[in-house]
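Q: I'd like to ask some things about the structure below.
The values are calculated or read from the model by the stated rules, or taken from the named source; none is laboratory data. Quick caveat: nothing in here was measured; it's all calculated off a predicted structure. A quick note on method: Cβ atoms are made from the backbone with ideal geometry, for glycine too, and the neighbour counts reach across all protein chains shown. Protein only, heavy atoms only, side chains kept; ligands, DNA and RNA dropped before computing areas. Shrake-Rupley method; radii C 1.70, N 1.55, O 1.52, S 1.80 Å.
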Amino acid sequence: GSPNSMATELEYESVLCVKPDVSVYRIPPRASNRGYRASDWKLDQPDWTGRLRITSKGKTAYIKLEDKVSGELFAQAPVEQYPGIAVETVTDSSRYFVIRIQDGTGRSAFIGIGFTDRGDAFDFNVSLQDHFKWVKQE
């Protein structure tokens, strides 16, 4: 398209997925040679709970963790490819993921997120896969 349509495309943010219930965990650093394991986290004691939204803006997807009531942003993880460093599955469960959150200053941290429902985890996965399928086709 023309330069103008590019600009509007970049500004437009669409919502790919909303999950009203997600748990967030501070996680220990990964053991270098193996993946993350949810069983290493204190699963019954999440550090934060709220809602999760995945949005896309241009080619990038954003995993946003928001307060259930106010909608205030707790953290967000920009995802440039999937699977990739920004979102990883854990080795011992399909309901937990490790995401790389970034603040505005470019600092990043890895946190664990989990869904009580396997179906929610499946939707989360598929929303990201579908978005990047679409990116590849573009």
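Q: Could you tell me the extents of segment 1-128's C-alpha atoms along the three principal axes, largest first, rounded to whole Å?
A: 50, 36, 30
Q: Further question on the same structure: Normalised by the number of residues in the chain, what is the relative contact order in percent for Cα pairs under 8 Å and 6+ residues apart?
A: Working: 255 pairs, mean separation 31.8, N = 138.
The value is 23 percent.
Q: Excluding residues on the same chain fewer than 8 positions from Lys133, give the aspartates and glutamates whose Cα lies under 18 Å from its Cα.
A: Result set, ordered by chain and number: Glu9, Glu13, Glu80, Glu88, Asp123.
Q: Under 1.5 on a/c is rounded, so check that first for segment 51-118, then, if it is not, pick prolate when a/b is larger than b/c and oblate when it is not; a ≥ b ≥ c are the square roots of the alpha carbon gyration tensor eigenvalues. All intermediate terms of the calculation are to be shown ahead of the outcome.
A: Values: a/c = 1.56, a/b = 1.13, b/c = 1.38.
In terms of gyration-tensor shape, oblate.
Q: To continue, here is another question. Give me the dipole magnitude in Debye, nearest 20, for segment 60-110 about the Cα centre, with unit charges on the beta carbon: positive for Lys and Arg, negative for Asp and Glu. Write down the numbers at each step before the final one.
A: Working: 5 positive and 7 negative charges, 6 e Å.
Here the size comes out at about 20 debye.
Q: For the chain, what % of the accessible area comes from carbon and sulfur atoms, probe 1.4 Å?
A: On the way: 4050 of 8310 Å².
Accessible surface attributable to carbon and sulfur in the chain totals 49 percent.
Q: Here is a follow-up. Name the residue, out of Val15, Val87, Val79, whose mean-square fluctuation peaks in a Gaussian network model built on the chain with Cα pairs under 10 Å.
A: Of the options given, Val15 has the highest mean-square fluctuation.
Q: Hey, how many Å between the Cα centroid of segment 91-122 and the Cα centroid of segment 18-71?
A: 3
Q: Let me ask something additional. Using a cut-off of 11 Å between beta-carbons, work out the net charge of the residues near Thr116 (Lys and Arg +1, Asp and Glu -1, Thr116 not included). Don't skip to the end; give the middle numbers.
A: Working: positive: Lys19, Arg95, Arg118; negative: Asp21, Asp117, Asp120.
Net of charged neighbours comes to 0.
Q: With a 1.4 Å probe and all protein chains left in place, how much accessible area per residue does segment 1-113 have, in Å²? Display every interim value, and only then the final one.
A: Details: 6690 Å² over 113 residues.
Heavy-atom accessible area per residue stands at 59 Å².
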